[in-house]
Amino acid sequence: VQLEESGGGLVQPGGSLRLSCAVSGVTLSNYFMKWYRQVPGKESDFVAFISTTGTTTYSESVKGRFTVSRDNAKNTWYLQMNNLKPEDTAMYYCRAYVGSVNYWGQGTQVTVSS
C-alpha cells in the first residue's frame, strides 16, 4: 500500500495550492482520510477529515479556507487550500485508516512566504 502526496510548494500569502494524496494497493472508498501538518519541533496537527460517505470536518484554523475532497474513481484525495497564510507553512501528510489499519504518506512541503 502506498500513499503519495504531491502539490506542495512555495506560494505567496493569499495564494492557493491543491494537495493530492494518491493511493495504490487499497480501494480508497473503504477508508477514512485525514490531512495533518507538522512544523519542525512540534507535534502534528489535524487539518481536515473526510469520511467514506463524504462527511468533512476541519480544524478551526483552516475552516472556510481549505476544502477536502475525494475522487474514488482516481483513488485520490485532495486538499484545496485557498487564502494561504504564513502560518500554514508546514509539511502536510495524508493518512488513510479504517479500524486498526493505518497508512501514511511521506509528506509534501508547503511554504507560504512573500
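Restricting the search to the stretch 69-90, which residues are surrounded by fewer than 21 Cβ atoms within 10 Å (Cβ to Cβ), within 21 Å of Q12 (Cβ to Cβ), touching a residue at least 40 places away in the same chain (Cβ under 8 Å) and over 10 Å from the mean Cα position of the chain (by Cα)?
Hits for the stretch 69-90 are N82, N83, K85, P86, T89.
With the structure loaded, tell me whether S61 is polar (S, T, N, Q), touching a residue at least 24 places away in the same chain (Cβ under 8 Å) and either closer than 20 Å to S20 by Cβ or not in a strand (DSSP E or B) (or both) or whether it fails that test.
On the way: polar (S, T, N, Q): yes; touching a residue at least 24 places away in the same chain (Cβ under 8 Å): yes; either closer than 20 Å to S20 by Cβ or not in a strand (DSSP E or B) (or both): yes.
The answer is yes for S61.
This table checks each residue for (1) closer than 12 Å to G105 by Cβ; (2) polar (S, T, N, Q); (3) touching a residue at least 24 places away in the same chain (Cβ under 8 Å).
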residue: V1; (1), (2), (3): yes, no, yes
residue: S16; (1), (2), (3): no, yes, yes
residue: S20; (1), (2), (3): yes, yes, yes
residue: Y31; (1), (2), (3): no, no, yes
residue: S44; (1), (2), (3): no, yes, yes
residue: T57; (1), (2), (3): no, yes, no
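Throughout, read-outs are computed from the coordinates displayed, never taken from laboratory work. Computed from a predicted structure; not experimentally measured. Reconstructed Cβ throughout: ideal geometry from the backbone, glycine too, with neighbour counts over all protein chains shown.
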